[in-house]
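K.L.:
The structure's right below; bear with me while I get my questions together.
The values are calculated or read from the model by the stated rules, or taken from the named source; none is laboratory data. Note that the coordinates shown come from a computational prediction; the quantities given were computed from them, not determined experimentally. Cβ sites come from the backbone with ideal geometry, for glycine too, and all protein chains shown count toward neighbours.
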Amino acid sequence: MAGTNRTNETLTGGPVVILVAPQLGENIGMAARAMLNCGLTELRLVSPRQAFPNERAVAAASGADLVLDGAEVFGTVEDAIADLNMVYAATARRRHFLKEIVTPARAAAEMRAAPAEGRAGVLFGPENSGLDNDHVALADRIVEAPLNPAFSSLNLSQAVLIIGWEWMKSGREDVGAEMPMGHTYPAEKELILKLFEHLEDELDARGFLVPVEKRPSMVRNIRNIFHRMALTDQEVRTLRGVISSLTRYPRQDGK
């Protein structure tokens, strides 16, 4: 479908689009095209199957070179989201752990209403399988488009376009939301991941994360608890101090 350009101004910015293990260069290019249609310009790739930069990606992008030229490649999802404050996982597959599910419109409104200091990103999984549970567990919310329940399959660029379109629309509407942060700001994912490592290390040392076969699901559940809190930078630092205090110093009551 052709679009109508009212001006020649190029819109830039918006949430980061993170493609996890994309399989084909063509799909990366089509996703980049969908992004630039909606003014999204920051693309990150996690372990793409084909080498990147990729000629097929350039051809499929149909001129969205601005997106491809600035794309970054990461080895892990953790590295790709480390500097973000809010992460959404785009998936239509229901999971077995508790995590809030929002529509693309709601996700866009939340990202628009976030403090200016914060940065958001959206994870998209491989074309053949989507995101796995460990990747979804790293996100704060799941974003799911309300499609036909009997047939909700989307290709990668379609999924990116739906999120991008809702982001674009939300910039032309009054979302009417504000979150005063005072002197702090939403915690970067790198800081939260270090909190998880600190807590899980101490729990392992005290024999909490057993039996071993249940450890992965226990870790995901604990991480989800903290993700639902929308922690600030100062709150994460306080929690790390609490963990250190509980594990380093003896009880003051003698028990």
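K.L.:
Quick one: in the range 15-31, which of the residues that are surrounded by 22 or more Cβ atoms within 10 Å (Cβ to Cβ) and more than 13 Å from the chain's Cα centre (by Cα) is nearest to GLN50 (Cα to Cα)?
P.N.:
Within the range 15-31, the match that is nearest to GLN50 (Cα to Cα) is GLY25.
K.L.:
Which one of the conditions (1) part of a helix (DSSP H, G or I); (2) modelled with pLDDT of 95 or more does LEU209 fail to meet, given that it meets all the rest?
P.N.:
Failing condition for LEU209: (1).
K.L.:
Kindly indicate whether any position in the range 195-202 is in contact with a His (Cβ under 9 Å, 6 or more places away or on another chain), free of Cβ contacts under 8 Å to residues at least 60 places away in the same chain and within 28 Å of THR232 (Cα to Cα).
P.N.:
no
K.L.:
Inspect all residues belonging to the range 131-151 and state whether any of them is out of contact with any Gly (no Cβ under 7 Å at 6 or more places or on another chain), among the β-branched types (Val, Ile, Thr) and not in a helix (DSSP H, G or I).
P.N.:
Within the range 131-151, one or more residues are out of contact with any Gly (no Cβ under 7 Å at 6 or more places or on another chain), among the β-branched types (Val, Ile, Thr) and not in a helix (DSSP H, G or I).
K.L.:
If you scan the range 52-77, which residues turn out to be touching a helix residue (DSSP H, G or I) at 6+ places or on another chain (Cβ under 6 Å) and of a type outside the set (A, V, I, L, M, F, W, C)?
P.N.:
Answer for the range 52-77, where residues must be touching a helix residue (DSSP H, G or I) at 6+ places or on another chain (Cβ under 6 Å) and of a type outside the set (A, V, I, L, M, F, W, C): ASN54, ARG56, SER62.
K.L.:
Go through (1) assigned to a loop (DSSP other than H, G, I, E, B); (2) within 13 Å of LEU19 (Cα to Cα) one by one and return the number of the condition GLY121 breaks.
P.N.:
Only one criterion in (1) assigned to a loop (DSSP other than H, G, I, E, B); (2) within 13 Å of LEU19 (Cα to Cα) is unmet by GLY121, namely (1).
K.L.:
Check PRO115, PRO180 and return the single one that is at pLDDT below 90 and in contact with a strand residue (DSSP E or B) (Cβ under 8 Å, 6 or more places away or on another chain).
P.N.:
PRO115 is the lone residue from the list that is at pLDDT below 90 and in contact with a strand residue (DSSP E or B) (Cβ under 8 Å, 6 or more places away or on another chain).
K.L.:
Here's something else I'd like to know. Would you point out which residue out of GLU200, GLU213 is buried (at least 16 other Cβ atoms within 10 Å of the Cβ), charged (D, E, K, R) and not assigned by TED's automatic domain parsing to the domain that holds GLU78?
P.N.:
Just one listed residue meets the conditions, GLU200.
K.L.:
Continuing with this model, one more query. Filter the range 118-155 for residues that are over 13 Å from THR91 (Cβ atoms) and in contact with a strand residue (DSSP E or B) (Cβ under 9 Å, 6 or more places away or on another chain); which is surrounded by the fewest Cβ atoms within 10 Å (Cβ to Cβ)?
P.N.:
Among those that are over 13 Å from THR91 (Cβ atoms) and in contact with a strand residue (DSSP E or B) (Cβ under 9 Å, 6 or more places away or on another chain), it is GLY118.
K.L.:
May I pose another question? Are there any pairs with C-beta distances below 8 angstrom linking a residue in the range 135-150 that is closer than 14 Å to GLY125 by Cβ to a residue that is part of a loop (DSSP other than H, G, I, E, B) and acidic (Asp, Glu), with the two at least 6 apart or on different chains, and if so which?
P.N.:
Once the first residue is closer than 14 Å to GLY125 by Cβ and sits in the range 135-150, its partners that are part of a loop (DSSP other than H, G, I, E, B) and acidic (Asp, Glu) give ILE142/GLU100.
K.L.:
Of everything in the range 212-236, what is of a type outside the set (A, V, I, L, M, F, W, C), part of a helix (DSSP H, G or I) and in contact (Cβ under 8 Å) with a residue 12 or more places away in the chain? Give them in sequence order.
P.N.:
PRO216, SER217, ARG220, ASN221, ARG223, ASN224, HIS227, ASP233, GLN234, GLU235
K.L.:
So in the range 212-255, with the set limited to residues that are acidic (Asp, Glu) and more than 24 Å from ASN85 (Cα to Cα), which one is modelled with the lowest pLDDT?
P.N.:
Step one: list which residues in the range 212-255 are acidic (Asp, Glu), which gives 213, 233, 235, 253.
Retained after the next criterion (residues that are more than 24 Å from ASN85 (Cα to Cα)): 213, 253.
Values: GLU213: 96, ASP253: 67.
Selected residue: ASP253.
K.L.:
Does the range 45-61 contain any residue that is within 29 Å of PRO149 (Cβ to Cβ), among the hydrophobic types (A, V, I, L, M, F, W, C) and either surrounded by 14 or more Cβ atoms within 10 Å (Cβ to Cβ) or in contact with a Cys (Cβ under 8 Å, 6 or more places away or on another chain) (or both)?
P.N.:
The answer is no; no qualifying residue exists.
K.L.:
Based on this model, can you work out whether LEU191 counts as at pLDDT 95 or above and more than 20 Å from ASP83 (Cα to Cα)?
P.N.:
For LEU191, the condition - at pLDDT 95 or above and more than 20 Å from ASP83 (Cα to Cα) - is not met.
K.L.:
Here is a further query. Take the range 118-143 and flag every residue that is modelled with pLDDT under 90 and aromatic (Phe, Trp, Tyr).
P.N.:
Listed by number, the list is empty, since nothing qualifies.
K.L.:
Looking at ALA159, is it of a type in the set (A, V, I, L, M), exposed (fewer than 12 other Cβ atoms within 10 Å of the Cβ) and in the same structural domain as VAL46 (by TED's automatic domain parsing)? It would help to see each step written out before you state the result.
P.N.:
Working: of a type in the set (A, V, I, L, M): yes; exposed (fewer than 12 other Cβ atoms within 10 Å of the Cβ): no; in the same structural domain as VAL46 (by TED's automatic domain parsing): yes.
In short, no.
K.L.:
A further question follows. I'm told LEU193 meets every condition in (1) among the aliphatic types (A, V, I, L, M); (2) not assigned by TED's automatic domain parsing to the domain that holds GLY241; (3) not in a loop (DSSP other than H, G, I, E, B) except one. Can you identify the failing condition by its number?
P.N.:
Here LEU193 meets the rest and fails (2).
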